[in-house]
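Q: Starting off with a structure, shown below.
Each value in this text was obtained by applying a stated rule to the coordinates, not by laboratory testing. It should be emphasised that the depicted structure is a prediction, and the values quoted were computed from it without experimental measurement. All Cβ positions, even for glycine, are placed from backbone atoms using ideal geometry, and neighbour counts span all protein chains on display.
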Amino acid sequence: MNRTLTRLLQAPSVVLLLLWMLIPLSMTIYFSTIRYHLLYPERSGFVGFSNYEFFYTDPAFWPAILNTLILVGSVLIISVVLGLAVAVLIDRPFRFRGIARVMLISPFFIMPTVNALIWKNMMMNPIYGLFAVVANTIGVEPVDWLAQFPLLSIIIIVSWQWTPFAILIFMTSLQSLDQEQKEAALLDGAGFWARFFNLTLPHLARPIAIVLMIQMIFHLSIFAEIFVTTGGGPGTQSTNLAFLIFSQALQGFDVGVASAGGVFAIILANIVAIFLVRLIGKNLAA
Amino acid sequence: MQMTDKQRERLINHIAVAAAWIVAALFFFPIFWMVLTSFKTELEAIAVPPTLFFEPTLENYTLIEERTDYFRFALNSVITSFGGTLLAMLIAIPSAYAMAFNPTRRTKDILLWMLSTKMLPAVGVLMPIYLICQRLGLLDTHIALIFIFAMINLPIIMMILFNYFREIPKEIIEASRMDGATTFGEITQIVMPLAWGGIASTALLSIVLLWNEAFWSINLTSSDAGTLVVLVASFTAPEGLFWAKLSAVSTLACAPIVVFGWLTQKQLVQGLTFGAVK
């Protein structure tokens with residue numbers, strides 16, 4: 001196969017992705033420097049960096065950045081640690097293990113919107129929710145989760161969806177761990193933690209990297225869960241960058257400012273991506 | 001009484017199994033509760049304390065059937081998630097093949113660049129895409145959503161396929177070239193059959209992700225090309241406390257893909273771990 005043909009075969013994916021990235025990106029950058037308000041189409045013209053300034057000085061800006069990072073970090077830690085624990089727990093033969101498996105991974109297949117609705121209405125509602133019922137039963141004052149701990153609630157909701165993803169990957173990976181190695185370690189009298197750190201964890205290094213990468217991509221732009229539950233509030237307590245831009249663009253009708261926010265989001269994503277590309281780059285080379 | 005090692009081991013095993021079941025029950029409980037609620041009347045759905053035993057009713061389901069066009073939304077979900085996946089696979093298979101069997105110095109960089117486009121937050125480019133679709137009259141159409149779905153999944157699909165194709169021994173390809181196989185023949189007769197597991201799992205993963213995709217579906221489609229995600233979203237805002245109906249519509253929206261996921265879980269993981277897990 002010659003060079004030209006190689007290039008020809010690669011062209012569709014490269015060109016399409018380039019277009020998919022460059023056209024909107026350049027439009028976003030262009031919009032971010034002009035006055036563009038859907039409700040006031042007569043106002044127009046180049047405004048330089050004032051949209052950026054407006055977005056940047058929005059009191060919600062720093063909280064949104066911070067919330068984005070807290071959200072991504074917490075969910076990653078929870079899902080990997082809990083995922084590892086459950087995967088190790090279930091990595092033994094027992095009856096109806098297949099059913100337990102199916103129960104554990106199911107939340108991953110539930111739509112984020114539905115997931116958020118279940119938690120909002122049936123779990124966390126301060127009057128009818130099951131958490132409130134449990135609290136009342138044991139004589140504790142029920143908590144209005146989404147109003148009092150909005151960010152924590154979102155973290156719980158997202159973790160419930162994505163821990164099963166980690167479990168699914170880790171438990172399948174564990175099955176490919178050499179049984180003989182495990183037995184040899186047992187015979188050598190290696191304790192549980194020694195086996196975990198010297199055998200299990202190294203074996204799971206690549207799956208863990210992959211779980212981190214895929215999840216980070218999805219969590220940086222979490223939208224549906226916030227849209228359905230807290231709407232970013234109360235105040236800005238559960239507004240992440242994606243939601244802030246959304247509220248500027250589609251609720252504020254200000255395309256210019258929203259585009260400036262989009263540029264900020266892209267910069268943040270790229271900072272995170274640099275770490276990620278290193279991580280996955282190593283895996284590619286391996 | 002001193003326990004022998006064997007007894008202790010068995011005890012630990014019993015505790016672990018019990019713990020596994022408790023965790024499994026906790027994870028599954030919200031789904032179980034949603035399905036249960038969908039068979040209650042609205043009054044029972046918000047009863048405090050909640051009722052576990054009740055006379056199941058199908059009224060929520062019949063009401064949804066009457067009020068909305070469930071099958072249309074379901075069909076839209078099928079069309080867009082399968083269509084987007086198919087389009088992405090058609091673009092990705094030749095590309096990944098070329099990259100895997102004729103790599104250049106830049107192949108790795110291209111792949112990493114592709115993956116990095118996945119990290120651009122959708123919301124950052126929502127306005128341009130929305131305006132382009134509006135200008136072209138593509139708002140609320142299958143075509144727009146299929147194309148966008150293909151683009152957002154293309155990087156991950158490329159990555160997975162590349163890793164699969166790389167594991168095919170080069171000698172097989174070379175032998176077929178000696179026999180005078182064309183490039184098209186190589187892809188369809190040799191690469192695709194050999195990497196079938198990887199191709200299937202990649203497609204499965206893509207379908208699951210697209211079925212549940214919310215951002216583009218909610219912002220670009222409504223009644224015509226709206227997916228099940230849009231249908232569920234339409235039940236949220238004004239309906240207030242109609243939990244039973246909401247549960248029923250959610251159950252209907254999730255059931256197909258959850259069952260699909262159960263049936264294909266092993267295949268799926270292969271794709272998710274980039275072929276690292278056999």
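Q: Give me B:Cys254, B:Cys133 sorted ascending by neighbouring Cβ count inside 10 Å, so fewest comes first.
A: If I rank by nearby Cβ atoms, fewest first, I get B:Cys133, B:Cys254.
Q: On to the next question. Efficiency by 1/(1 + (r/R0)^6): what FRET value for B:Ala175 and B:Arg106, r their Cβ-Cβ distance, R0 = 25 Å, to the nearest 0.05?
A: With R0 = 25 Å, the Cβ-Cβ based efficiency is 0.35.
Q: Hey, in the GNM for chain A with a 10 angstrom Cα cutoff, which one of A:Ser13, A:Ser50, A:Ser221 fluctuates hardest?
A: In this elastic network of chain A, the residue with the biggest mean-square fluctuation among A:Ser13, A:Ser50, A:Ser221 is A:Ser13.
Q: Here's a follow-up. Treating segment A:1-148 as a set of equal point scatterers at the Cα positions, no solvent, please give the Debye-formula log₁₀ I(q)/I(0) at q = 0.14 Å⁻¹.
A: -1.08
Q: Out of B:Ala45, B:Ser223, B:Leu154, whose Cα points farthest toward the positive end of the dipole of chain B (charges: +1 Lys, Arg; -1 Asp, Glu; placed on Cβ)?
A: Result: B:Leu154, furthest along the dipole toward the positive end.
Q: Would you please give the FRET efficiency between B:Val78 and A:His37, computed as 1/(1 + (r/R0)^6) with r the Cβ-Cβ distance and R0 = 22 Å, to the nearest 0.05?
A: Working from the Cβ atoms, E equals 0.05.
Q: For chain B, with a Gaussian network of springs between Cα atoms less than 10 Å apart, report the residue from B:Ala24, B:Ala214, B:Ala74 with the top mean-square fluctuation.
A: Among B:Ala24, B:Ala214, B:Ala74, the largest mean-square fluctuation in the Gaussian network model of chain B belongs to B:Ala24.
Q: What's the longest uninterrupted piece of chain A once you rule out the trypsin sites (Lys or Arg not before Pro) that are loop residues per DSSP with at most 14 other Cβ within 10 Å? Numbers along the way, then the final one.
A: Values: sites that count: A:Arg43, A:Arg95.
So the longest stretch without any such site is A:96-286.
Q: What's the Kirkwood radius of segment B:5-60 in Å, using all Cα pairs? Let's see the in-between values first.
A: Numbers: mean 1/r = 0.0724 Å⁻¹.
About 13.8 Å for segment B:5-60.
Q: Only helices at least 24 Å long along their own axis, judged from Cα atoms, and with Kyte-Doolittle mean hydropathy of 1.6 or greater: name those in chain B from DSSP H. Show your work: numbers first, answer last.
A: On the way: long enough: B:5-38 (49 Å, 0.91); B:70-101 (45 Å, 1.31); B:142-166 (34 Å, 1.83); B:243-272 (37 Å, 0.91).
Those that pass (Cα extent of 24 Å or more, hydropathy at least 1.6) are B:142-166.
Q: If contacts are Cα pairs under 8 angstrom and at least 6 residues apart, what is the relative contact order of segment B:143-254 in percent?
A: 24
Q: Select from A:Pro112, A:Gly261, A:Ile156 the residue farthest towards the positive end of the dipole of chain A; place +1 on Cβ of Lys and Arg, -1 on Cβ of Asp and Glu, and compute about the Cα centre.
A: Going by the charge dipole, the pick is A:Pro112.
Q: Continuing with the same structure: Is there a quick way to get the dipole size of chain A? I mean about its Cα centre, with the Cβ of Lys and Arg at +1 and of Asp and Glu at -1; what is the value in debye to the nearest 20?
A: In total the dipole reaches around 740 debye.
Q: With N set to the number of residues, divide the alpha-carbon radius of gyration of the protein assembly as shown by 2.2 N^0.38 Å and report two decimals.
A: Ratio of Rg to 2.2 N^0.38 Å for the protein assembly as shown: 1.02.
Q: Still on this structure: Got a sec? How would A:Met122, B:Met89, B:Met178, B:Met158 order by Cβ neighbour count within 10 Å, fewest to most?
A: Ranking A:Met122, B:Met89, B:Met178, B:Met158 by Cβ neighbours within 10 Å, fewest first, gives B:Met178, B:Met89, A:Met122, B:Met158.
Q: Of the candidates A:Asn136, A:Asn51, A:Asn270, which one comes out as most mobile in a Gaussian network treatment of chain A with C-alpha springs shorter than 10 Å?
A: A:Asn136
Q: Here's something else I'd like to know. State, as an integer percentage, the relative contact order of chain B based on alpha-carbon contacts under 8 Å between residues 6 or more apart.
A: Working: 262 pairs, mean separation 83.7, N = 278.
Contact order relative to length: 30 percent.
Q: Exposed loop chymotrypsin sites (Phe, Trp or Tyr not before Pro) only (DSSP loop, at most 12 other Cβ atoms within 10 Å): please give the longest stretch of chain A free of them, not including the sites.
A: The longest such stretch corresponds to A:97-286.
Q: Would you be so kind as to identify which of A:Ser32, B:Leu90, A:Phe46 lies farthest towards the positive end of the dipole of the protein assembly as shown, taking Lys and Arg as +1 and Asp and Glu as -1 on Cβ and the Cα centre as origin?
A: Working it through, the farthest residue towards the positive pole turns out to be B:Leu90.
Q: With a length cut of 18 Å (Cα positions projected on each helix's long axis) and a Kyte-Doolittle mean of at least 1.6, go through chain A and give me the DSSP H helices that pass.
A: Within chain A the helices that satisfy the rule are A:61-90, A:255-285.
Q: Right, next: Give me the number: length gained by fully extending A:Phe46 to A:Thr137, i.e. 0.36 nm times residue separation minus the C-alpha to C-alpha distance, one decimal in nm.
A: Value of the extension gain: 26.6 nm.
Q: Going by average Cβ density within 10 Å per residue, which order do the peptides B:47-53, B:150-156 take, highest to lowest?
A: So the order, starting with the most tightly packed, is B:150-156, B:47-53.
Q: Follow-up. In vacuum, with every alpha carbon of segment B:64-272 counted as one equal point scatterer, what does the Debye formula give for log10 I(q)/I(0) at q = 0.08 Å⁻¹? Two decimals, please.
A: Taken in order of the listed q values, log10 I(q)/I(0) reads -0.35.
Q: Please give the charge dipole size of the protein assembly as shown, origin at the Cα centre, charges +1 on K and R Cβ atoms and -1 on D and E Cβ atoms. Round to the nearest 20 debye.
A: The dipole magnitude comes to about 1420 debye.
Q: Hey, got the average number of other protein chain Cβ atoms within 10 angstrom for residues in A:19-25? Could you put the intermediate results ahead of the total?
A: Working: counts 1, 11, 8, 1, 4, 11, 5.
Whole-number average of other-chain Cβ neighbours for A:19-25 is 6.
Q: Can you tally the net charge around B:Gly180? Count Lys and Arg as +1, Asp and Glu as -1, for every other residue whose Cβ sits under 14 Å from the Cβ of B:Gly180.
A: Working: positive: B:Arg177; negative: B:Glu174, B:Asp179, B:Glu186.
Residues close to B:Gly180 contribute a combined charge of -2.
Q: Hey, got the average number of other protein chain Cβ atoms within 10 angstrom for residues in A:256-265?
A: Working: counts 1, 0, 4, 5, 0, 3, 9, 1, 2, 6.
For this peptide, the per-residue mean of nearby foreign Cβ atoms is 3.
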